[in-house]
Amino acid sequence: MNRLTRHTNKSRLTIVAISTLLLTSLSVSAANSKVQSLPLSAERIGTQLQSYQAQGAGPFTAAAGQKLWLQDMDGRSCTSCHTAKVTNMGMHQNTRKPIDPMAPSITADRLTDSAKIEKWFTRNCNWTFKRDCTPQEKGDALLWLSLQ
Ligand code: HEC
């Protein structure tokens, strides 16, 4: 049994209910077929998205997040280290160190710590795009990642 199956159905259901409320209030379509299978990190993602909203961003879409993820600038993109298929292992382009899959459905503690999220957004957006990502871009990317 892997760590994905550790959580009880009850806590998963409660969190899905809370997440659905949060995401709906952020104008994300509740009809999205993936809402039923939101990962456990989704509740925290909702809080994080609200903080980006407070900075003037939103509504957020997973489609825009995926587009940012794949966006290439001078041969660099988020996929350079994390791969395009975020359920796969990644590898740091400079150090060649392995990076656990970004998908919270595979790596349970993904996207659970807002300080960690912000630290790496700053570092990675600057490595990839030579600038900070905007609150809109961060929200879109987080929403997309949270559904993987
Ligand atoms: C040069 C390699 C590299 C690139 C390119 C890169 N990342 Fe990362 N990223 C890392 C490393 C290393 C970590 C921290 C190790 C870990 O979390 O496994 C990380 C962590 C993160 C985290 C925190 C994950 C968590 O668990 O909270 C986010 C969010 C993230 N990256 C988003 C992005 C985005 C968005 C892009 C594209 C703009 C990107 N990364 C490009 C190397 C990279």
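The values are calculated or read from the model by the stated rules, or taken from the named source; none is laboratory data. Predicted model, so just to flag it, every value in this text is computed and none were measured. Reconstructed Cβ throughout: ideal geometry from the backbone, glycine too, with neighbour counts over all protein chains shown.
A few comments on the model shown:
- Where a residue in region 69-82 is under 13 Å from residue 93 (Cβ atoms) and its partner, wherever it lies, is of a type in the set (Lys, Arg) and within 8 Å of the ligand (Cβ to nearest atom), with Cβ under 7 Å and at least six apart: none
- Scan of region 114-140 for residues that are free of Cβ contacts under 8 Å to residues at least 40 places away in the same chain and more than 6 Å from the ligand (Cβ to nearest atom), ordered by number: 115, 118, 119, 122, 123, 126, 131, 132
- Single residue of region 72-89 satisfying the filter (in a loop (DSSP other than H, G, I, E, B) and near the ligand (Cβ under 8 Å from one of its atoms)) that is surrounded by the most Cβ atoms within 10 Å (Cβ to Cβ): 78
- Filtering region 91-110 to residues that are under 27 Å from residue 74 (Cβ atoms) and near the ligand (Cβ under 10 Å from one of its atoms) leaves 91, 92, 93, 94, 95, 97, 98, 99, 100, 101, 102.
- For residue 107: the one exception among (1) crowded, with 17+ Cβ neighbours inside 10 Å; (2) among the hydroxyl-bearing types (Ser, Thr, Tyr); (3) in contact (Cβ under 8 Å) with a residue 24 or more places away in the chain: (3)
- Residues of region 97-117 that turn out to be in contact with a strand residue (DSSP E or B) (Cβ under 8 Å, 6 or more places away or on another chain) and outside any loop (DSSP other than H, G, I, E, B), as a count: 2
- Residue in region 28-47 that is within 14 Å of the chain's Cα centre (by Cα), at pLDDT 95 or above and among the aliphatic types (A, V, I, L, M) present: no
- Within region 118-147, no residue satisfies the criterion of being more than 17 Å from residue 71 (Cα to Cα), modelled with pLDDT of 95 or more and within 11 Å of the chain's Cα centre (by Cα).
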